[in-house]
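Report on the following structure.
What follows draws every value from the coordinates through simple rules; no lab data is involved. No experiment lies behind these values; they were computed from the predicted model shown. Don't worry about glycine lacking a Cβ; one is built from the backbone with ideal geometry, like all the others, and counts go over all protein chains shown.
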């Protein structure tokens, strides 16, 4: 049925609940953004566990120089699918499909996403794309084994024949379209479905970051899709777009891939930056420090991210080093502004070290390590020395593990909103310490072994005592991270419907904490007046109303 | 609408500028073309928003002094439960599998896609049902 919705007024009577199918049919037919977001969340967390299991096998293999746990060919499949699952099937969909889907419409006072059926289609494409990619393991030749970047000519039909590579391409096509549709939906929702008074510069930072992420998706993903079609044509239709033999250019694949691939880093990161911004403000009992600075820093990061793709290609010898080095180094400026503002938000606040806040602080420290090592890599002379070593692996694992911590922070913070129940705080803190310590023990030795020259993507390595010790240490860290995941699963089981949350358990500031937990069908029975970027706080704490940004930005209340 | 327009036009302008600098400096075509396309993605919708922002009254969501009552009225029509997104997704899935396992799979795949598209459009026309 179609619901023609009218705006909920303050203190309006609750509308009747929607009638619809239940059980499995509800899951198959839903167009409710909260149910779709929950499906995304569950699927993405399962993907994280699968990708994590691949990582544990990789670290077990590398715990000794001549590991025999897996064959060399299986090792190639494992690192390819570990990267592919984590980037394509976990981090991205978790960031812009799961929590964004649930939270963004509620944060701006919207009843749903702008295109609910397109939203449902996005989920089904994501799920089927994930199944397609993973099903490579069940084919005769095994899964894709050319690295998650699929470089030509390694990915051509001569070097990587078999169905696994084609399933990788097919899975990426499906998840790519899923992302593009989600991007369209987010932009339309944020531009057209905001509540009265929710001006662009009163939107929560998380929503702003998702808007910028959605624009980046629309800029980057079509390029990847086009590249994949070219790769498939080279493999099966006899074209030579990426093959020298037929007059093609292999490095063109790298240009196309990284034109998507570097913005993708920020497509992954910006939503998590937004989560952390919200969490640090709420658990410091303060508004976000430098709100507009945060917005412009996000826009600057996104804009610059489109001009840095070839810093992944410095060693090809055919890219403009000064341009890409300068643009990459420039990104450190808006990122530094963000870190400054996160610290500024906590400064003199009443900091509550909840599990969510600890995860957010863990993100801050770990992301700083990953971000600073990225500044080194933006310098071509240093990159020539460290390219394709474990230093690069350590750099991006610091970054992505920071994002995992931010995602966990998001689950502890917003989970009660969409489930109605809190997770156990003590178990959450135990999980944090395993995750935080495990991450550092896992990544820091990899920086050192990389600087000592150990190449990435190798299943066996020379018996150098230093390399072995550092690899062992890193494997211990991977085990600690694995334990943290088990602790998280244990927390889900233990806390199942145990601690009712109420509408606003954290004394939150933004609009999602104004409605019930979980929110009703179409989200709101009533809306408060929106006079700042923290309308719920203003409503609940009339004595501490947020000072508006200027005479034109509020009524002075 | 004005902020939305400025946001997109600003991005388009930035991509246009760096695209020009990059193309003139490097002489490399692929990156120049991709940055040019990125510029268009900023300019095309940005111009549309700018055009309309000058021809319409500010919306309640653009008015800093608006109250919940200012936005009273119909927000929009939101479809309820629908089986067609799932059907379309399955059609796309089978179609992609045809790329791997054989062209014969295009028949069920594209049939599902066509059925879902027709079903979805018909559902919109008559107000929708499961």
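Tabulated data
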quantity	calculated
Euclidean distance of C-alpha centroids, the range A:393-448 and the range A:251-328, integer Å	21 Å
Rh by Kirkwood over Cα pairs, then Stokes-Einstein D for the range A:19-171 at 1.306 mPa s and 10 °C, µm²/s	94 µm²/s
In degrees, nearest ten, helix A:425-451 long axis to first principal axis of chain A (Cα)	30 degrees
Nearest-ten-degree value, helix A:205-236 long axis tilted from longest Cα axis of chain A	30 degrees
Where the Cα pairs of the range B:2-63 fall when distances are cut into 5 Å bins, in %	4, 21, 22, 16, 13, 10, 7, 4, 3, 1
The protein assembly as shown: C-alpha pair distances exceeding 50 Å, %	9 percent
All-pairs Cα distance distribution in the range A:112-185, expressed in whole percent, bin size 10 Å	21, 41, 24, 12, 2
Computed Kirkwood radius, in angstrom, where 1/r is averaged over Cα pairs of the range A:137-180	10.8 Å
For peptides A:292-305, A:31-44, sequence by mean Cβ density within 10 Å, most packed first	A:31-44, A:292-305
Rg followed by Dmax, in Å, when the range A:316-359 is reduced to its Cα trace	17.6, 53
Estimated [θ] at 222 nm from DSSP helical runs (n ≥ 4, -39500 (n - 2.57)) normalised by residues in chain B, nearest 500	-24000 deg cm²/dmol
Gap separating the Cα centres of the range A:165-242 and the range A:80-112, nearest whole Å	12 Å
Å³ per residue enclosed by the Cα convex hull of the range A:414-483	110 Å³
Expected 222 nm ellipticity per residue - DSSP helices of 4 or more, -39500 (n - 2.57), all of chain A, to 500	-20500 deg cm²/dmol
Volume of the Cα convex hull of the range B:1-106, divided per residue and given in Å³	173 Å³
Directionally averaged projected area (convex hull, Cα atoms, the range A:223-308), nm²	6.8 nm²
Degrees, to the nearest 10: A:250-282 long Cα axis against longest axis of chain A	30 degrees
Relative contact order (%) - the range B:2-63, alpha-carbon pairs under 8 angstrom, separation at least six	47 percent
Ranked packing of B:26-36, A:62-72, A:170-180, most packed first, by mean Cβ within 10 Å	A:170-180, B:26-36, A:62-72
Debye intensity ratio I(q)/I(0), log10, the range A:168-242, q values 0.11, 0.12, 0.26 Å⁻¹ (C-alpha model)	-0.40, -0.46, -1.11
Percentage relative contact order, the range A:30-553, counting C-alpha pairs under 8 Å, at least six apart	16 percent
Overall Cα dimensions of the range A:105-244, principal axis frame, Å, largest first	59, 31, 22
For the range A:142-265: relative contact order, % (alpha-carbon pairs under 8 angstrom, 6 or more apart)	29 percent
Average partner coverage of A:187-193, which counts Cβ from other chains inside 10 Å	3
The range A:335-442, Cα convex hull volume normalised per residue, Å³	111 Å³
Cα Rg, Dmax (largest Cα-Cα span) when computed across the range A:88-128, Å	10.6, 31
